[in-house]
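Have a look at the structure below before the remarks.
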Amino acid sequence: MNYFHYVDNKLWCENIPVAEVAKAVGTPFYLYSHRTLERHFKVFDSAFDDIPHIICFSAKANSNAAILKIFINEGSGMDIVSGGELYRVLKAGADSRKIVYSGVGKREEEIRYALESDILMFNVESSQELEVINACAGKMDRVARISLRVNPDVDPMTHPHISTGMKENKFGINIEKSLDEYRHARKLDHIEIIGVDCHIGSQITEISPFIDALDRLKELISSLRNEGISIKYLDLGGGLGITYDNETPPHPQDYAKAIMDRIRDIDCTFIFEPGRVIVGNAGILISEVLYTKTNADKRFVVVDAGMNDLARPSLYDSYHKIQPVELKERADILSDVVGPICESSDYIARGRVIPELERGELIAVMSAGAYGFSMSSNYNSRPRSPEVLVRGGEFYVIRSGENQADLTRGENIPDFLQ
Ligand SMILES: *Cc1c(COP(=O)(O)O)cnc(C)c1O
């Protein structure tokens, strides 16, 4: 459910025609619906009303300060994966005691920053990392609260590039070895074990992989408790999928119910780290058609948004619906929608039957709110596009588009080249 819809054949976001925003900010740009963001968060959060829980929004899915603040205002914590994200979420006003820190490659300075900030816990991904956290905490005369991120070896049945909980993935600690690792962790002076964590992948459209992972974590928790290791938090990660094309992911309420049915007997606070399911369908990318042409019987629609703006199609071959901002009577035609970047992998849609688009018109690339702007880059020296938030009949530029000076910021030509 989102608030992008057609009124008299024109695409609107909440109470504003998208074309009006385009006129004001120029293309390409990301457009988010406040009402959709808030609604998605509330639906997910309230689905777990019956159990003690913290929603830690996964900041990497969309890390714009205004968007983070919407969730923070609703009581959200944050799942972060870098010191940069910690800086961002704190700046947006996140409660540090609701921050969990995941990631396989935490640097010492990032660990110190997280300790200083007194975050809820580190989700530790290796034995070496555990030692480093213990040493850093020792030097700072602190105790680090931790969970081990275990790898439960379940197949999330998603794209291989976004599966993270199979034994061949780089993430977490093999669940068989984790018990020993916990035994070791309890001996460390500056480590306090408080939880168990996993995150098995992204864009998961079935409930069963989550349940399989949960069952393995439950077993681990009971082994740990038998040894007197107290576990207060069970963090099940994120990963719930959304509809891009014709996927039928479980509704958050069904996901929540399936989980809650199995955890009545474990006394824990539950942590969830949703990203995509909250923001994915709350944002779209608006782009203008620059040119159309036919090469070897194939129609190419060249638009002004490229893989630097939206990397997902070239990275994961992912599907985003393409919709004209203005609907007209016209034929559908087999097309490739491509960007201006000098790479053959720079496309938004390939071999897609879509309305015959014309030079100068606007298109909406749907479901672009997650891993859209946050993955964007300056490749081909393209300034990053603005981000706009609509609330009712008003719109707000929540990130200005970059300019040319931004492109060379920080670069220096050494004297010997002058
Ligand atoms: C990326 C990530 C998430 C969010 O995943 P979604 O599929 O967007 O819900 C949650 N936890 C961790 C550790 C992640 O790396």
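The values are calculated or read from the model by the stated rules, or taken from the named source; none is laboratory data. This is a predicted model, so every value here is computed, not measured. Reconstructed Cβ throughout: ideal geometry from the backbone, glycine too, with neighbour counts over all protein chains shown. Remember, those area values only see protein heavy atoms, side chains included, never the ligands or the DNA or RNA. Shrake-Rupley method; radii C 1.70, N 1.55, O 1.52, S 1.80 Å.
Overview of values
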{"quantity": "Gaussian network model of the chain, Cα within-10 Å springs - most flexible of L68, L236, L220", "calculated": "L220"}
{"quantity": "Column: log10 I(q)/I(0), Debye, Cα scatterers of the range 103-272, q = 0.08, 0.11, 0.19 Å⁻¹", "calculated": "-0.25, -0.46, -1.21"}
{"quantity": "Beta bridge orientation in the range 103-272: antiparallel %, DSSP, nearest 5", "calculated": "5 percent"}
{"quantity": "Under 20 Å from the Cα of K23 - aspartates and glutamates, other chains or at least 8 residues apart", "calculated": "D8, E14, E288, D304, D309, E326, E358, E361, E387, E394, E402"}
{"quantity": "Mean Cα-pair separation over length for the chain, i.e. relative contact order, pairs under 8 Å, 6 or more apart, %", "calculated": "19 percent"}
{"quantity": "Positive-pole candidate from Q323, M121, N73, dipole of the chain, charges at beta carbon", "calculated": "N73"}
{"quantity": "Length-normalised contact order of the range 103-272 in % [C-alpha pairs under 8 Å, at least 6 apart]", "calculated": "20 percent"}
{"quantity": "For the chain, size of Cβ-based charge dipole, Lys and Arg +1, Asp and Glu -1, in debye", "calculated": "360 debye"}
{"quantity": "Charge dipole (the range 217-284, unit charges on Cβ, about Cα centre) - positive-most of L240, S230, F270", "calculated": "S230"}
{"quantity": "Sequence of D79, D265 from largest to smallest accessible area, 1.4 Å probe", "calculated": "D265, D79"}
{"quantity": "Rg/Rh ratio calculated on Cα atoms of the chain (Kirkwood radius)", "calculated": "1.00"}
{"quantity": "Computed E for M1/N73 - FRET, C-beta separation, R0 22 angstrom, nearest 0.05", "calculated": "0.60"}
{"quantity": "Partners for K60 among aspartates and glutamates (Cα-Cα distance below 14 Å; same-chain residues under 8 apart left out)", "calculated": "D79, E85, E273"}
{"quantity": "Inter-part distance where the range 1-28 and the range 303-363 are each reduced to a Cα centre, Å", "calculated": "18 Å"}
{"quantity": "Ellipticity estimate at 222 nm from DSSP helix runs (n ≥ 4, -39,500 (n - 2.57)) divided over the chain, nearest 500", "calculated": "-8000 deg cm²/dmol"}
{"quantity": "Linear extension gain, D8 paired with R107, 0.36 nm per residue minus alpha-carbon span", "calculated": "30.3 nm"}
{"quantity": "Coil-residue trypsin sites (Lys or Arg not before Pro) of the range 186-225, DSSP, other Cβ within 10 Å capped at 11", "calculated": "K187"}
{"quantity": "Dipole of the range 103-272, positive direction: furthest Cα of L220, G105, A256, with charges on the beta-carbon", "calculated": "L220"}
{"quantity": "Members of K42/K98; K69/K257; K69/K321; K139/K170 lying beyond 21 Å, as alpha-carbon distances in this model show", "calculated": "K69/K257; K69/K321; K139/K170"}
{"quantity": "Surrounding net charge for R330, when Lys and Arg each add one and Asp and Glu each subtract one, Cβ distance under 9 Å", "calculated": "-3"}
{"quantity": "Inter-site label distance for E356 and D155 at 7 Å from Cα along Cβ, in nm", "calculated": "4.5 nm"}
{"quantity": "DSSP-loop trypsin sites (Lys or Arg not before Pro) across the range 300-332, with at most 11 other Cβ within 10 angstrom", "calculated": "K328, R330"}
{"quantity": "Gyration tensor verdict on the range 63-175 (Cα atoms; rounded if a/c is under 1.5, prolate if a/b is larger than b/c, oblate otherwise)", "calculated": "oblate"}
{"quantity": "Most fluctuating residue given options E38, E247, E125, as computed from a GNM of the chain linking Cα atoms under 10 Å", "calculated": "E247"}
{"quantity": "Selection of GluC sites (Glu not before Pro), the range 289-385, meeting DSSP coil and at most 11 other Cβ within 10 Å", "calculated": "E329"}
{"quantity": "Once the Cα gyration tensor of the range 109-159 is diagonalised, semi-axes √(5λ) in Å", "calculated": "27, 11, 9"}
{"quantity": "The range 143-160-the range 216-254 distance, computed between alpha-carbon centres (Å)", "calculated": "10 Å"}
